[in-house]
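Participant: If you scroll down you'll find the structure; I have some questions about it.
The values are calculated or read from the model by the stated rules, or taken from the named source; none is laboratory data. Predicted model only: the values in this text are computed from it and were never measured. Every residue, glycine among them, receives a Cβ derived from its backbone with ideal geometry; neighbour counts consider all protein chains shown. Accessible surface is based on the protein model in full, side chains and every heavy atom, while ligands, DNA and RNA are left aside. Shrake-Rupley method; radii C 1.70, N 1.55, O 1.52, S 1.80 Å.
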Amino acid sequence: MNAFKRHTVTAALPYANGPVHIGHLAGCYLPADIYVRYLKARGRDVVFICGSDEHGVPITIRARKEGITPQQVVDKYHFLMKESFEKFGIAFSIYSRTSSEVHHKTASDFFKKLYDKGVFDESVTEQYYDEKAQQFLADRYITGTCPNCQNPNAYGDQCERCGTSLSPTDLINPVSALSGEKPVLRETKNWFLPLDKLQPKIEAYINKHSDWKPNVFGQCQSWLKQGLHPRAMTRDLDWGVKVPLKDAENKVLYVWFDAPIGYISATKELTKDWEKYWKDKETRLIHFIGKDNIVFHCIIFPAMLMSDGEYILPDNVPANEFLNLEGQKISTSRNWAVWLH
Ligand code: 2FM
Ligand code: ZN
């Protein structure tokens with residue numbers, strides 16, 4: 001029996017760009033639900049938080065493909081996913097969404113507090129810009145030839161043939177997915193979380209948690225060993241939480257900045273006592289996630305929470321391997337037969 005008085009258990013906010021499938025359920029939502037039921041059976045005070053992640057580039061890509069707006073995409077999938085979870089008996093205390101007003105305000109205020117504390121580095125970098133579409137291009141909106149395996153259809157963030165992770169400027173003959181034109185490099189200002197400066201604090205935090213699952217602890221150690229780099233917390237995009245600064249028109253918060261704050265805003269929607277679930281040292285915070293979310297929950301979100309200074313930090317982050325089907329990761333777009341709806 002540990003000393004914690006209450007538990008805040010979260011399950012990764014799924015992107016509202018496709019139905020829930022059995023891989024999501026087996027890897028994240030079912031284990032979280034079982035754990036919450038166990039805590040409740042022992043009479044513990046627990047909130048179980050989830051909701052739809054409604055920002056980010058994947059949603060804008062789906063909207064373009066379907067010829068509808070991002071808002072229409074998330075409205076369709078939010079309710080579909082909520083219903084699937086209910087039908088499967090996953091008993092969240094609340095299933096919210098990041099397009100809610102409470103969330104926009106919470107994420108915006110969180111960013112502004114860190115900005116006012118001088119936490120962010122302001123940096124001008126060169127990003128690809130589509131002159132025809134008149135917008136900066138997210139990494140996924142740029143395709144080109146992979147410098148590693150010559151795949152002509154690699155994305156600006158990754159080559160799906162050889163698995164190499166890329167930067168858009170690594171691509172040979174880059175092309176904008178919006179207009180088919182060759183993009184140009186243009187300067188833009190963004191706000192970076194200085195993970196390099198925060199590394200000693202993050203390292204001390206991670207080292208206190210050698211009891212985490214080996215895949216989680218191991219991945220954290222490997223990130224730390226490589227050395228953390230500043231990471232942009234804002235993006236030149238028109239879909240998301242607006243950056244609450246004067247000189248930040250057409251910029252939104254990076255989806256991985258706003259999404260985990262979604263856990264906090266959903267708790268706010270659930271109860272006026274939300275602070276005790278996020279700020280009291282006697283609360284145990286646990287994030288159930290899939291393995292591709294490890295760095296965001298174990299390094300970036302804790303770095304944000306530490307920088308704020310008022311919050312407790314995740315005490316455990318159980319992440320499961322993906323459920324495979326015929327040797328391949330189950331995916332929303334490929335394996336329609338395993339959708340839950
Ligand atoms: O990988 C995903 O599906 C993300 N939408 C998970 C977000 S978890 C949290 F940070 F909100
Ligand atoms: Zn490649």
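Participant: For the chain, compute Rg over Rh where Rg is the Cα radius of gyration and Rh is the Kirkwood radius from the inverse mean 1/r over Cα pairs. Please list the in-between numbers first.
Facilitator: Details: Rg = 20.0 Å, Rh = 21.0 Å.
Using only Cα positions, Rg/Rh for the chain is 0.95.
Participant: Do any trypsin sites (Lys or Arg not before Pro) in segment 189-225 lie in a DSSP loop with no more than 14 other beta carbon atoms within 10 Å, and if so, which? Write down the numbers at each step before the final one.
Facilitator: Numbers: sites: Lys189, Lys197, Lys201, Lys208, Lys225; in loops: Lys208.
When the trypsin sites (Lys or Arg not before Pro) of segment 189-225 are filtered for loop state and at most 14 Cβ neighbours within 10 Å, Lys208 remain.
Participant: Can you list the GluC sites (Glu not before Pro) in segment 80-136 that are in a DSSP coil and have 16 or fewer other beta carbons within 10 angstrom?
Facilitator: Counting only loop positions with at most 16 other Cβ atoms within 10 Å, the GluC sites (Glu not before Pro) in segment 80-136 are Glu131.
Participant: What accessible area, in Å² to the nearest ten, does a 1.4 Å probe give for Thr169?
Facilitator: Accessible surface of Thr169 is approximately 80 Å².
Participant: Next up: Per the Kirkwood treatment, what hydrodynamic radius in Å, one decimal, follows for segment 168-247 from the mean inverse distance over all distinct Cα pairs?
Facilitator: Value: 16.3 Å, from the Cα pair sum.
Participant: Leaving out same-chain residues fewer than 8 places away, which aspartates and glutamates sit with a Cα under 16 Å from that of Lys189?
Facilitator: Reachable aspartates and glutamates: Asp121, Glu122, Glu126, Asp236, Asp238, Asp247, Glu249.
Participant: Further question: By the gyration tensor of its Cα atoms, with a ≥ b ≥ c the square roots of the eigenvalues, what is the shape of segment 106-256: rounded for a/c under 1.5, prolate for a/b over b/c, or oblate? Mind dumping the intermediate values first?
Facilitator: Numbers: a/c = 2.48, a/b = 1.22, b/c = 2.03.
Oblate, because a/c is 1.5 or more while a/b does not exceed b/c.
Participant: Test of understanding: what is the full-extension gain from Asn173 to Lys225, defined as 0.36 nm times their sequence separation minus their Cα-Cα distance?
Facilitator: 15.4 nm
Participant: If you average over every viewing direction, what projected area does the convex hull of the Cα atoms of segment 126-187 give, in nm²? Write out the running numbers ahead of the final one.
Facilitator: Values: hull surface 13.7 nm².
Computing the convex hull of the Cα atoms and averaging its projections yields 3.4 nm².
Participant: Between Lys276 and His209, what length comes free when the chain is fully extended (0.36 nm per residue of separation minus the Cα-Cα distance, one decimal in nm)?
Facilitator: 21.9 nm
Participant: What distance in nm separates the simple spin-label points at Val102 and Asn153, each placed 7 Å from Cα in the Cβ direction?
Facilitator: Placing both labels 7 Å along Cα→Cβ, they lie 4.3 nm apart.
Participant: How high is the relative contact order of the chain, in percent, with contacts defined as C-alpha pairs under 8 Å that are six or more residues apart?
Facilitator: 24
Participant: Provide the per residue accessible area, probe 1.4 Å, for the chain, rounded to a whole number of square angstrom.
Facilitator: Per-residue value: 47 Å².
Participant: Can you spot the aspartates and glutamates whose alpha carbon is less than 14 Å from Lys132's alpha carbon? Ignore those fewer than 8 places along the same chain.
Facilitator: Glu181
Participant: Under the classification rounded if a/c is under 1.5, otherwise prolate if a/b is larger than b/c and oblate if not, where does segment 213-317 fall, given a ≥ b ≥ c as square roots of the Cα gyration tensor eigenvalues?
Facilitator: Verdict is oblate for segment 213-317.
Participant: How many percent of the accessible area of the chain is carbon or sulfur, using a 1.4 Å probe?
Facilitator: 50
Participant: How high is the FRET efficiency from Leu185 to Glu321, r the C-beta distance, R0 30 Å, rounded to 0.05?
Facilitator: 0.20
Participant: Report, in listed order, any pair from Lys225/Lys276; Lys213/Lys242; Lys65/Lys213; Lys40/Lys201; Lys117/Lys251; Lys225/Lys251 with a Cα-Cα distance greater than 30 Å.
Facilitator: As for pairs spanning more than 30 Å Cα to Cα, those are Lys225/Lys276; Lys213/Lys242; Lys65/Lys213; Lys40/Lys201; Lys225/Lys251.
Participant: Which of the GluC sites (Glu not before Pro) across segment 225-293 are loop residues per DSSP, with 12 or fewer other Cβ within 10 Å?
Facilitator: Taking segment 225-293 and a limit of 12 other Cβ atoms within 10 Å, the loop GluC sites (Glu not before Pro) found are Glu249, Glu282.
Participant: Remind me, relative contact order of segment 126-187 in percent, using alpha carbon pairs under 8 angstrom and six or more residues apart?
Facilitator: Normalised by residue count, the contact order of segment 126-187 is 38 percent.
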